[in-house]
Amino acid sequence: MDFAFTDEQEMLRHQARSFLATEFPAERIAELSFSEAGWDESSWRTMAELGWTGLSIPEEHGGAGMSFLDESVLFEELGYALYPGPYLSTVALTLPAFADAPDLLASVAAGTATATVAIAEPGGPSSLEDAGGVRTEALRAGRGWSVTGTKELVCDLATAGHVVMVARSEEGVGMWSVAPPVSSRRVTSTMDRSRRLGRLVLEEEPARLLVGPEHLEPVLRQMRSRGLAALALEAVGIAQKAFELARDYSKERKQFDKAIGAYQAISHQVSNIYIDMELARSLAYWAAWCVAEEDPRAPTAAAAAKALASEAAVAACERSIQIHGGVGFTWEHVLHRYYKRAQWISSFEGGVSAQRAVVASSLLDA
Amino acid sequence: MDFRDTPEEAAFRKELRGWIEAHLPEGWRGRNPTPGGLEVDAAREWSKRLHEAGYAGLTWPLEYGGQGAPYTYQAIFLEEMARAEAPEHIGVIGLGMAGPTIMVHGTEEQKRAHLHKTLSGEEVWCQGFSEPGSGSDLASLRTKAEDAGDHYIVNGQKVWSSYAHIADMCILVVRTDASVPKHKGITYLLVDMRSAGIDVRPLVQITGDPEFNEIFFTDVAVPKSNVVGEVNEGWGVAMTTLLHERGTLGFALTARLEVAVAKLIALVKERGADADPIVRDRVAQQWMELQALKLTNYRALTTLMKTGIPGPEGSIAKLHWSESNQRLTKLALDVLGPHAQLDGDDGVWGGYWQHQQLRSRGNTIEAGTSEILRNIIAERVLGLPRSR
Ligand SMILES: Cc1cc2nc3c(=O)[nH]c(=O)nc-3n(C[C@H](O)[C@H](O)[C@H](O)COP(=O)(O)OP(=O)(O)OC[C@H]3O[C@@H](n4cnc5c(N)ncnc54)[C@H](O)[C@@H]3O)c2cc1C
């Protein structure tokens, strides 16, 4: 039993922390959140050069051949920096669908492609768990395929080069990749402006079959486990930032001639943020390990980690806002951005009760 | 990062599992050495067997009766004991607090006299820290020890002392100098509970069990060779004890929670509550909290093995365990519905859950109240200004 990251992983963390602090300070994040694109496209190239986009992609396809555990260091740091960009959607969510598409893997590793997965449909399924209920249709068109249907809540839709559609053909549910025209995409107004969701309407859009119905289950499971574990790690990064802000402010800010941290109503809340965060961190790292090792407990571990960590992150932001008083409630202050991201994480693939239902099922229905 | 056992750890686990199966007497499963649980003689016997098989004090040095094993072995030991619902070693205070303190601050003579016997269950310890006027503010204690040449004469009163009614030895903090600031006049003593002038009076807890006691000291003679550390420097020694009480013991407490979660799941199924979505949600939450706590302990352990210093994460263990255990036991009573009021022989599982739930209220008071522990995290771990 060994709970430590390797020296290489610690170096990666260090590299990520300093790169992101220089390139994406709070002001830059705020600025990007108002921009049309919502992110800095050139950062993707740089991240590919740093080797981040291809970390877990096999070496023969241009990646570094490492594991989800290495990527998890980045998920946490990207959350801490509130990086706005399609790393989660491309690397955590989409890669399992590209496993048999070497050209797509290579383009992700090279930083020439970004991608996302489109699952939810208006009035239809809203998570990978009920992918079986999709109504989007995939039809054979000559030697290829075409896809028709409407998707919503698509993460990073505006910027994704490839959109992986979970759709239904005559043979069953599978995954097809499309490169939708701009006119088919609409960015929906999203509470977290640093990670916008979109709505996609496709009419006989040419598509490429990635995952046939017979292979769907394991890919779905992997996507879900990777996605939930990545979000848990990101949530830990969010909580860490909210915690640091609360801790530092409670030492600086003076009222009634004392630093407010001397009042237990404040200091105990800071302790609570720390406790919840450390507990969530442990669970998130374990989930990451389970995913990396393809441990049979991975789906449960990832659901549990996402539930506990998103709750810890949301509560950390709420407590931190309270500790900051009026200034914590302003648009100017960075806290609300973290708060909104924490809530984004909480809602994706279903909130805490949906995740706990997955855990309960593993405990009570066996 | 790797959560699998190493081949050595796996071998140890296998051997231990086999040993417990072969040696745990029928009827002892699920019974800890507490009032209403395993009787004292049986508990001593079980502790002796654990020691003879080499499972007591796994991480303690060989020369004092331990095995000199890495901390991971202790973690495996606790996991397996919990899994089998084997009774704990009787020396909760000896193994968790007195022993580790003697190892750090004790003289060679003290180590030889006590460590081995603590592991074998021959010496059961109690902790004489709290007093009627000194609880959270332990340093204000007034029980005094006066110099009488080769020994001290102790007078005063301790309270809430768990296991004092069955204890052979006591770790006692006393005032040896009242003229200096309160932290500077305290001395740490090892006291034989059979000394003349000691009067132990049981106090009944809200469960109805007499698990803790008052101890009255009237002119009790304690040899000077029983001072741990230096005279008037007992505060630092006591801090070591408290660090272990909240840290090392945290592992054992987590193992107890593991048993409790398994029992909760069994209860929910038995009562047909496993279809209730709210109960399912709460059971999942308890399991998640348990996993998070266990993993946090492992993380602190990794830090300890790498750096020799326990990680700050360890400060969470006792605090979170106590609160999680309170929620868990209350959930069990909720699942029992109107039958939750029936206890003892009329209760479901013989009143097990009623007892657990009531006992859990002590968890946030003993070994440092939750308020004090949050102060400690804020001030010592996070560097916030002192509240006093
Ligand atoms: C089941 C059980 C077993 C025990 N076993 C032992 C034992 O074996 N040996 C032993 O020596 N003692 C033992 N104790 C005693 C225990 O350590 C004390 O009860 C505890 O330290 C609290 O002290 P007190 O009871 O005097 O409460 P007080 O210190 O008077 O506290 C009363 C309330 O005030 C709060 N409070 C106090 N100071 C502060 C502060 N600075 N900031 C915020 N809140 C504060 C407390 O959190 C608590 O809520 C045991 C207690 C229990 C319940």
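A few comments on the model shown:
- Cα convex hull of the protein assembly as shown, projected area averaged across orientations, nm²: 35.4 nm²
- Pairs over the 29 Å Cα-Cα cut-off, from the set A:Lys306/B:Lys14; B:Lys14/B:Lys263; B:Lys48/B:Lys269; B:Lys158/B:Lys294; B:Lys117/B:Lys182; B:Lys48/B:Lys184: A:Lys306/B:Lys14; B:Lys48/B:Lys269; B:Lys158/B:Lys294; B:Lys117/B:Lys182; B:Lys48/B:Lys184.
- Partner aspartates and glutamates whose Cα lies under 18 Å from the Cα of A:Lys241, excluding those fewer than 8 positions away in the same chain, are identified as A:Glu23, A:Glu27, A:Glu76, A:Glu77, A:Asp192, A:Glu252, A:Asp276, A:Glu278, A:Glu311, A:Glu318, A:Glu332, B:Glu313.
- Dipole magnitude for the stretch A:115-211: about 340 debye, using +1 per Lys or Arg Cβ and -1 per Asp or Glu Cβ, origin at the Cα centre.
- Probe 1.4 Å, all protein chains present, accessible-area order of A:Glu278, B:Glu323, largest first: B:Glu323, A:Glu278
- Within the stretch B:7-90, the ratio Rg/Rh, alpha carbon atoms throughout and Rh by Kirkwood, equals 0.97.
- Candidates B:Ser130, B:Tyr163, B:His151 compared by Cα position along the dipole of the stretch B:125-232: farthest toward the positive end lies B:Ser130, with charges placed on Cβ.
- Electrostatic bookkeeping for A:Glu293 treats Lys and Arg as +1 and Asp and Glu as -1; over the other residues with beta carbon under 10 Å from its beta carbon, the sum is -1.
- Taken over the stretch A:195-239, the ratio of Cα radius of gyration to 2.2 N^0.38 Å equals 1.63.
- For chain A, calculated [θ]222 nm from helices alone, where every DSSP H run of n ≥ 4 adds -39500 (n - 2.57): -16000 deg cm²/dmol
- Between A:Tyr249, A:Ala160, B:Ile316, the Cα set farthest toward the positive side of the dipole of the protein assembly as shown (charges on each charged residue's Cβ, about the Cα centre) is that of A:Tyr249.
- For the stretch A:217-365, a simple Cβ point-charge model (Lys and Arg +1, Asp and Glu -1, everything else neutral) yields a dipole of about 340 debye relative to the Cα centre.
- Choice from A:Thr300, A:Thr159, A:Thr190 with maximal GNM fluctuation in chain A (Cα, 10 Å cutoff): A:Thr190
- Rounded to 5, the percent of DSSP beta bridges in chain A classed as antiparallel: 85 percent
- For chain B, calculated [θ]222 nm from helices alone, where every DSSP H run of n ≥ 4 adds -39500 (n - 2.57): -14500 deg cm²/dmol
- Within the listed set A:Ser42, A:Ser184, A:Ser194, the residue fluctuating most in the Gaussian network model of chain A (springs between alpha-carbon atoms under 10 angstrom) is A:Ser42.
- Share of carbon and sulfur in the accessible heavy-atom surface of the protein assembly as shown [1.4 Å probe, %]: 52 percent
- The residue among A:Ala232, A:Ala302, A:Tyr263 whose Cα reaches farthest toward the positive pole of the charge dipole of chain A, with charges on the beta-carbon of Lys, Arg, Asp and Glu, is A:Tyr263.
- Assuming charge only on the beta carbon of Lys and Arg (+1) and of Asp and Glu (-1), the dipole of the stretch A:1-138 about its Cα centre is about 220 debye to the nearest 20.
The values are calculated or read from the model by the stated rules, or taken from the named source; none is laboratory data. None of these values were measured; they are calculated from a predicted model. Heads up, the Cβs are rebuilt from the backbone with ideal geometry, glycines too, and the neighbour counts pull from every protein chain shown. Note: areas computed on protein heavy atoms with side chains; ligands, DNA, RNA excluded. Shrake-Rupley method; radii C 1.70, N 1.55, O 1.52, S 1.80 Å.
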